[in-house]
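None of the figures in this text is laboratory data; all of them are computed from the coordinates on show. What you are looking at is a predicted structure, and each value in this text was computed from that prediction instead of being measured.
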Amino acid sequence: MREWLATLPGPITVAMEATLYWEWLATYLENDGVAARVAHAFHVKLIWQTRSKTDPIDARKLAELLRVNLLPTRRISTAPAAARGSRRRRSRRG
């Protein structure tokens, strides 16, 4: 992926939905100097109501929302993943 990203004119900003594997990809991109914006999937759905849901359509929606600075992003924690997991377990116990 680094080689492909290097062929693109900069600066580069990548938009993605917060799905199962977003965290490692956002971290990878940020470590390589690429701005990663993680969209809140529910809020994107509220803004851009469509009946059909395919990856190409979703990618176009995210790109358009990012282009006009309307992408509803979610907070990206800077704490290491292990620390976040232990805090979650403690908060569930009460």
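3J(HN,Hα) along the range 68-73: 9, 6, 10, 6, x, 8 Hz, from the Karplus curve 6.51 cos²θ - 1.76 cosθ + 1.60 with θ = phi - 60°, whole Hz, x for Gly and Pro.
The phi-based Karplus calculation (6.51 cos²θ - 1.76 cosθ + 1.60; θ = phi - 60°) puts the 3J(HN,Hα) values of the range 13-28 at 10, 10, 10, 8, 7, 6, 10, 4, 10, 5, 5, 5, 5, 4, 5, 4 Hz, whole numbers, x for Gly and Pro.
Summarising the amide proton neighbourhood of T73: residues at separation of 5 or more, or on other chains, whose placed amide H is nearer than 5 Å comprise H40.
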